[in-house]
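Right, one structure below, let's go through it.
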Amino acid sequence: MTSTAPGTPALPPAATQTVLVVGAGIMGGGIAQVAAQAGHPVLLLDSRPGAAAQALDKLAGTLDGLVAKSRLGAEEARATLARIRPVASAAEAAAAALVVEAIVENLQAKRELLRDLEAVVGDDCLLATNTSSISVTALAAGLRRPGRVVGMHFFNPVPQMKLVEVVSGLHTEPAAAQAVFALAQAWGKQPVHARSTPGFIVNRIARPYYAETLALLLEQAAPPQVIDACLRGAGFRMGPCELMDLIGHDTNLAVTCAVFDANYQDKRYQPSLLQREMVDGGLLGRKTGRGFYRYPEGAPPLPQPAQEAPTHLLEVTVHGNCEVAAWLEQRALQLLAPHGRHPARLYASGWTGLEVGRARLVLTDGRTAQERAQAMELDDIAVFDRMGAVPCAPGTALAYALAPGAHAAWQHQAPAWLAALGLAPQCVADSPGLIVARTVAMLVNEAADAVLQGVCTPQAADAAVKLGLNYPAGPFEWLAHWGLGEVTAVLRALDEHYRGERYRTSPWLRRQPAARAGGRA
Ligand code: NAD
């Protein structure tokens, strides 16, 4: 451990030591519960009279519920409650080993609080902030001992969410961050280290999940329920539209604007006109009864294409040498076997997909169907999206786009073939990277920039998005699985299509050694 200033603890506070939680709202109540369940005497302080006692009452109800469901022992519930004591002033917390502040998200209010706390607590008391967007460096500035200020960013609901981002600002002493990290582990959490930059890890890497959807919606590439279904099909627990409706468009827009402004209005983070309009119109999501969807109804059903049987069963060739090609071959084999045939396979092909007669179903490499049709000098082209996992479950929604010159027969046969392969094909506008490939490539890009800037390690980024956002995989796991060439090809295609700063490939990705070179068709 380096540069430990006198008094900064290298070890986490022991379970016998007192924790002061300031702010008894949604987050403070949860933090008090977790600290008390770990055995700490907890003092709970709120500037609103009665708020701490109310939070304790609410917690008593929550714990009773857990006991009733046999998820917590009655004695543990009683002991947890008994360890938390509402206090009227910080003066009672002179002996605290740790303060976690979870007050209103306001720089001035948090700075004043930290300054007042310094006058009360001992020199070896850690000062943790649960801020979700304010710079930890800015919060520590001007304090007598700024090295002990650490971000301890919990996620909502605190008792259930395992992730804690342990955020270091420029002043934060490594020993203080390490002590908070070890403490979070002792509280049963899975902490990750992060550097204090806008959005830290999770709120930053998640931006493209919303932003790419909003961009697709703005250019009318697909309706919300199709985008949601395709991303759920790729393994995301909630689609971005239903998730934004749940979070609230006002909250989501505020975080987006904060990250955009904090990055000196870098176009990469530019908020969407669409979301602005929804917020201005009071379409905030579930809480106002209407966002992308109306509530309580929720998403309308997916469009059902007319079902047609696939033709040209005797002229099928599978192209490519990746797991998607292997899966296509296996599925095509099942289709052709009753006809006594099996598909041809061309491993050394410049593209991945299925050739049916003279028509082609092509796995996206980021380019549009129109561009693929031009490169292949064929009209009957359909590009299909990346699957989250291969093989995917039967009936998985998957986006495809037709080249503008595709004949009417192929317009019907492309979805017929995708359906025959076991997918639920969703026709979308011919846009680069369709839905899943585009979104995931941009999540990887954002994570790569975060690593480039020393915000976190690739391992921390993967852990943070899986624990904090329930993503099915981390960005660097996707990168390893899809391959550097495939991900950067999608980014390059997006960049060439839209031009401007938004889709620039992270220098971190460009500096990685290329795995292999491939021809483009
Ligand atoms: P909240 O409004 O539910 O609670 C904040 C509480 O702080 C209120 O009870 C308020 O009376 C009290 N308070 C305000 N100023 C105070 C002061 N100077 N001294 C003492 N008490 C004061 O808010 P919340 O959602 O619990 O958020 C608290 C913090 O946690 C914010 O910094 C927020 O950004 C962060 N956070 C929130 C979430 C979330 O999902 N809600 C997630 C992660 C982090």
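Points worth noting:
- The residue that is nearest to the ligand (Cβ to nearest atom), counting only those in the range 106-137 that are open to solvent by 50 Å² or more (accessible area, probe 1.4 Å) and closer than 18 Å to residue 18 by Cβ, is 116.
- Residue match in the range 272-281 (condition: in contact (Cβ under 8 Å) with a residue 24 or more places away in the chain, of a type in the set (A, V, I, L, M, F, W, C), in contact with a Leu (Cβ under 6 Å, 6 or more places away or on another chain) and over 27 Å from residue 364 (Cα atoms)): yes
- If you go through the range 288-318 and pick out every residue that is without any contact (Cβ under 8 Å) to a residue 40 or more places away in the chain and more than 30 Å from residue 243 (Cβ to Cβ), you end up with 4.
- Yes/no for residue 147 being in a loop (DSSP other than H, G, I, E, B), out of contact with any strand residue (DSSP E or B) (no Cβ under 7 Å at 6 or more places or on another chain) and either open to solvent by 10 Å² or more (accessible area, probe 1.4 Å) or more than 8 Å from the ligand (Cβ to nearest atom) (or both): no
- Of residues in the range 22-58 being β-branched (Val, Ile, Thr) and open to solvent by less than 40 Å² (accessible area, probe 1.4 Å), the one nearest to the ligand (Cβ to nearest atom): 22
- Cβ-Cβ distances below 9 Å connect the following pairs, each with a first residue in the range 128-146 that is hydrophobic (A, V, I, L, M, F, W, C) and at pLDDT below 95, a second residue that is surrounded by fewer than 19 Cβ atoms within 10 Å (Cβ to Cβ) and part of a loop (DSSP other than H, G, I, E, B), and a separation of six or more residues or different chains: 134/105; 134/106.
Yes/no matrix, rows are residues, columns are (1) without any contact (Cβ under 8 Å) to a residue 24 or more places away in the chain; (2) more than 29 Å from residue 400 (Cβ to Cβ):
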| position | (1), (2) |
| --- | --- |
| 438 | no, no |
| 455 | no, yes |
| 481 | yes, no |
| 503 | no, no |
| 509 | no, no |
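- For the range 137-167, residues that are among the small types (Gly, Ala, Ser) and under 26 Å from residue 471 (Cα atoms) total 1.
- On the stretch given as the range 189-236, residues that are out of contact with any Asp or Glu (no Cβ under 7 Å at 6 or more places or on another chain), among the hydrophobic types (A, V, I, L, M, F, W, C) and part of a helix (DSSP H, G or I) total 10.
- Test result for residue 67, β-branched (Val, Ile, Thr) and within 16 Å of the ligand (Cβ to nearest atom): no
- Looking only at the range 111-127, and only at residues there that are free of Cβ contacts under 8 Å to residues at least 40 places away in the same chain and under 32 Å from the mean Cα position of the chain (by Cα), the one that is nearest to residue 157 (Cα to Cα): 127
- Looking only at the range 469-518, and only at residues there that are assigned to a helix (DSSP H, G or I) and charged (D, E, K, R), the one that is most open to solvent (accessible area, probe 1.4 Å): 510
- Checking each residue in the range 351-377 for being assigned to a strand (DSSP E or B), in contact with a Gly (Cβ under 9 Å, 6 or more places away or on another chain) and not small (Gly, Ala, Ser) picks out 360, 361, 362, 363.
The values are calculated or read from the model by the stated rules, or taken from the named source; none is laboratory data. Quick caveat: nothing in here was measured; it's all calculated off a predicted structure. Please note: Cβ atoms are built from the backbone with ideal geometry, for glycine as well, and neighbour counts cover all protein chains shown. With ligands, DNA and RNA removed, areas are computed over all heavy atoms of the protein, side chains included. Shrake-Rupley method; radii C 1.70, N 1.55, O 1.52, S 1.80 Å.
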